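Following: one structure in structure tokens, then a few remarks.
Nothing in this text is a laboratory measurement; each read-out follows from the coordinates by a stated rule. For clarity, every value in this text was computed on a predicted model and none was experimentally measured. FYI the Cβ positions are ideal-geometry reconstructions off the backbone, even for glycines, and counts take in every protein chain you see.
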Number of protein chains: 2
Amino acid sequence: MTTQDRKAREFAAREDLFLDTARRLILSDGLLSLTMARVAKACDYATGTLYQHFLSKEDLLLALSTRMSAERVSLFCRAADFTGTARDRMFALSVADVLFASQCPEHFRLAQYVFTEAVWAATSPPRRQAALEGSQPMCDRVRSIVHQAVTDGDLPDRGLRNLDLGVGPWTLCLGMHTLVHADGLLSFYDVNRPYGLLLQHIEFLLNGLDWKPLVTDVSSQHVAGKVEWLCSEVFSDACDREGIDKLLAMLAA
Amino acid sequence: MTTQDRKAREFAAREDLFLDTARRLILSDGLLSLTMARVAKACDYATGTLYQHFLSKEDLLLALSTRMSAERVSLFCRAADFTGTARDRMFALSVADVLFASQCPEHFRLAQYVFTEAVWAATSPPRRQAALEGSQPMCDRVRSIVHQAVTDGDLPDRGLRNLDLGVGPWTLCLGMHTLVHADGLLSFYDVNRPYGLLLQHIEFLLNGLDWKPLVTDVSSQHVAGKVEWLCSEVFSDACDREGIDKLLAMLAA
DNA sequence: TCATTTTTTGAATAGCGTTCAAAATACGCA
DNA sequence: TGCGTATTTTGAACGCTATTCAAAAAATGA
């Protein structure tokens, strides 16, 4: 039995090595020039060994994307678990997403590619399952925040279920990430500071849902102040002074 | 000169043939199994001839995506140009997008793929330019609707420029399309009727922007009624009874 | 120590995008 | 109409990559 355990551990470690290496190669040379042979060679293994871990190249990319989003989930959970009004916590979820985008910009490019029909279809069912389950905690937090707001009387439910009410901010974030990564699009239309606008629109949307306490000042300055406060309050260990400045710069320009 | 003209016309016609055929092949066999050789063969041309039109396979896909979105732009313009309050017209833009999604569901799958970094980078600059310019009319409409709302005093601008205020609905729509096409995701999280929720959240967001006249009833029934009204009022020639029913079914389930 | 099982290897395979020299065609001019 | 030239088309050949699999190597355990 102990032999089995050791083998399993070694196997998992090797998978980590493959994924780390793939990530490094993507960062240095881009997604385009990533090949299975290169990943294997960079780890001093034969190409065939990679296929002991991944059904296909797409399967590897999905695994990498899932693993990278663990950090996102962790920021998300921190945002959801701090003590504050449900509304502040919901807002903090979006801030977590923007913070993650500033810390790990390559994740959304990869995720966008991986969720493409052509790529998704070439992945293995277990990895797909793992990808969905990996983001389950984020969904749970959204649900529970909405639930609390409704039971506290801060948010009228209008007959909608928890996640149906939470899908708005989720969709806003996702859409903005997509816009940001469509190269040249925002500059063509002269839309600057997309993530600053995102957070302002989150506030607008929450106001429109009549989510109390309503925010009367939705200026970019006020949003920036709130973000700075959240960073020191909630994300302090994930975000030093330099990280905060980088985030604020992203919101402003 | 007339010979040149004829040649240009024939060249354009052949490009249409290639794109029509590619679309047909994608519809019948999927994006995965589309190959340049197959497209050429299906049109009784040699593979090399395709490359007189398209720099690469990605270039062809981008051209196809751009051409398909012409229909979307046309629905958009119709929505923007009808006589009504600025707010109704802004809402109509989202309805146009949902209507387009019901009429041409494959477009967003393709667009999502094409705007991926890996694909986008392999397209030719002129086609990229054409893709951006093709959606310019949609942006112009958004800008002008926001502008009218602000000058009419229906919408406080809060120091934001026209498109900065219009980017919210845009982002909501885009994010929801993305969610819908991430296979298995919405069903995993038990989110039904995504497009119905989208339109409700558009109303919430516009309310949150304090865009007058405010809509007090944001129930799915009320939204459905408004959609039906818009269909007969604005989209009547793009949408017969069958089309309306299909759209309403999409909103309800 | 050695027979057996498991794992790794990397050359071979297959398929696709892309190119380009040769062939075919179109063109304009006498 | 016939002919030399320019243009266009062709499809086999090339290069690259994902994937496979038979042979080699390593690990196992009696």
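Screening chain B for whole DSSP H helices with an alpha carbon extent of at least 24 angstrom along the helix axis and a mean Kyte-Doolittle hydropathy of at least 0.5 yields B:86-103, B:162-181.
For B:Asp29, the label point sits 7 Å beyond Cα toward Cβ; its separations from the matching points on the remaining copies run 3.1 nm, from shortest to longest. Remark: the range B:1-108 carries a charge dipole of roughly 80 debye about the Cα centre, counting +1 on each Lys and Arg Cβ and -1 on each Asp and Glu Cβ. Just name one of A:Ala70, A:Ala37, A:Ser102: the one whose Cα is farthest towards the positive end of the charge dipole of the range A:26-178 (beta-carbon charges, Lys/Arg +1, Asp/Glu -1). Result: A:Ala37.
So, with +1 on the Cβ of K and R and -1 on the Cβ of D and E, and no other charges, what is the size of the charge dipole of the range B:45-204 about its Cα centre, to the nearest 20 debye? Please list the in-between numbers first.
On the way: 14 positive and 17 negative charges, 47 e Å.
For the range B:45-204, the charge dipole is close to 220 debye.
For chain A, with a Gaussian network of springs between Cα atoms less than 10 Å apart, report the residue from A:Ala111, A:Ala92, A:Ala42 with the top mean-square fluctuation. With Cα springs under 10 Å in chain A, the top fluctuation among A:Ala111, A:Ala92, A:Ala42 is at A:Ala42. Put the Cα centre of the range B:64-133 next to the Cα centre of the range B:177-195 and the gap is 20 Å. Dipole orientation for the range B:97-253: of the candidates B:Val191, B:Ser124, B:Gly159, B:Ser124 has the Cα lying most toward the positive pole (charges on Cβ; Lys, Arg +1; Asp, Glu -1). Starting from the label point of B:His53 at 7 Å along Cα→Cβ, the same points in the other copies fall at 4.3 nm, in ascending order. Computed from point charges on the beta carbon alone (+1 for Lys and Arg, -1 for Asp and Glu), the dipole magnitude for the protein assembly as shown about its Cα centre is near 1080 Debye. If you take the Cα centroid of the range B:227-243 and the Cα centroid of the range B:197-219, the two points sit 21 Å apart.
Ranking A:Ala224, A:Pro137, A:Met250 by Cα position along the charge dipole of chain A, where only Lys, Arg, Asp and Glu carry charges on their C-beta atoms, puts A:Pro137 farthest toward the positive end. The Cα-based radius of gyration of the range B:1-135, divided by its Kirkwood radius, gives an Rg/Rh of 1.04.
Per q in 0.29 Å⁻¹, report the Debye log10 I(q)/I(0) for the range A:177-244, using one uniform scatterer on each alpha carbon and no solvent. Once normalised to I(0) and log-transformed, intensities are -1.13.
Each of A:Asp59, B:Asp20 has some number of other Cβ atoms within 10 Å of its Cβ, and from fewest to most they run B:Asp20, A:Asp59.
Under Stokes-Einstein, with the Kirkwood radius over Cα pairs as Rh, the value for the range B:9-67 at 4 °C and 1.567 mPa s is 115 µm²/s. Backbone N atoms of the range B:147-190 closer than 18 Å to the 7 Å Cα→Cβ label point of B:Thr85 belong to residues B:147-157, B:166, B:169.
When every Cα-Cα distance of the protein assembly as shown is counted in 10 angstrom steps from zero, the calculated P(r) takes the values 4, 17, 28, 27, 16, 7, 2, 0, 0 percent.
Measuring max minus min along each principal axis, the C-alpha atoms of the range A:81-125 give extents of 43, 23, 13 Å (largest first). When Rg and Dmax are taken over the Cα atoms of the range A:113-253, they come to 17.5, 48 Å. Between B:Ala122, B:Ala96, B:Ala149, the GNM of chain B built on Cα springs shorter than 10 angstrom shows B:Ala122 fluctuating the most. Of all aspartates and glutamates in the structure, the ones whose alpha carbon falls short of 12 Å from that of B:Lys246, not counting any fewer than 8 places away in one chain, are B:Glu228. Eigen-decomposition of the gyration tensor built on the alpha-carbon atoms of chain A gives equivalent ellipsoid semi-axes of 36, 21, 17 angstrom, largest listed first.
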